[in-house]
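Presented below is the structure to which this report refers.
The values are calculated or read from the model by the stated rules, or taken from the named source; none is laboratory data. Note that the coordinates shown come from a computational prediction; the quantities given were computed from them, not determined experimentally. A quick note on method: Cβ atoms are made from the backbone with ideal geometry, for glycine too, and the neighbour counts reach across all protein chains shown.
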Amino acid sequence: MQRVSIARRLGRRWTIVVAVVVIAVAGFAVYRLRGIFASEDVTATASGSDSQIVPFNPKHVVLDVFGSPGTTATITYLDVHAQPQKAVDVPLPWSYDAITTDPAVFVNVAAQANGDSIGCRITIDDAVKDEKQVNTLNAYTFCLDKSG
């Protein structure tokens, strides 16, 4: 008779046992998934610290264009952020000087003079990266550095 009473008790409560097992397995799965996807990790920054720029190997970039005395030139160049710029009929010598914290610098300068001599130079951190000089009527020259 005892077997019948145990079977009856389990027969009535098997749905409760299954529900408890399902809830326990689901809770364990959620616990493990939260750990896997790092939802517990909270990254917080102090107020205002997200706008601070920490210099990363700052570079001092100088673009020079030079020529005969009294010469003017039209100069096109890329600034330290690789944005095209233009200067029209500027007296020589001309210079662009900037400091950047960008990890790499791509600079270019091209110039055409109204005289017979013009030159350009790109200097990064006091090292000459490129330099050219041309001696001809309405001289044109360019310098390029993509390794800075």
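If you take the residues of region 91-101 that are more than 12 Å from residue 141 (Cβ to Cβ) and surrounded by 15 or more Cβ atoms within 10 Å (Cβ to Cβ), which of them is modelled with the lowest pLDDT? If we take residues in region 91-101 being more than 12 Å from residue 141 (Cβ to Cβ) and surrounded by 15 or more Cβ atoms within 10 Å (Cβ to Cβ), then 100 is modelled with the lowest pLDDT. Taking each residue of region 119-148 that is closer than 20 Å to residue 61 by Cβ and looking for partners that are among the polar types (S, T, N, Q) and modelled with pLDDT of 90 or more with beta-carbon atoms closer than 6 Å, six or more apart or interchain, yields 119/133; 120/141; 132/141; 144/108. Does residue 104 count as among the hydrophobic types (A, V, I, L, M, F, W, C) and in a strand (DSSP E or B)? Judged against the criteria, residue 104 is not a match. Take the conditions of a type in the set (A, V, I, L, M, F, W, C), assigned to a strand (DSSP E or B) and touching a His at 6+ places or on another chain (Cβ under 7 Å) and apply them to residue 75. Does it pass? Judged against the criteria, residue 75 is not a match. For region 43-58, the criterion of being modelled with pLDDT under 90 and within 22 Å of residue 144 (Cα to Cα) is met by at least one residue.
The rows are residues; the columns are (1) of a type in the set (Asp, Glu); (2) assigned to a loop (DSSP other than H, G, I, E, B); (3) closer than 15 Å to residue 66 by Cα.
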{"site": "90", "(1), (2), (3)": "no, no, yes"}
{"site": "99", "(1), (2), (3)": "no, no, no"}
{"site": "111", "(1), (2), (3)": "no, no, yes"}
{"site": "116", "(1), (2), (3)": "yes, yes, yes"}
{"site": "120", "(1), (2), (3)": "no, no, yes"}
{"site": "123", "(1), (2), (3)": "no, no, yes"}
{"site": "132", "(1), (2), (3)": "no, no, yes"}
{"site": "138", "(1), (2), (3)": "no, yes, yes"}
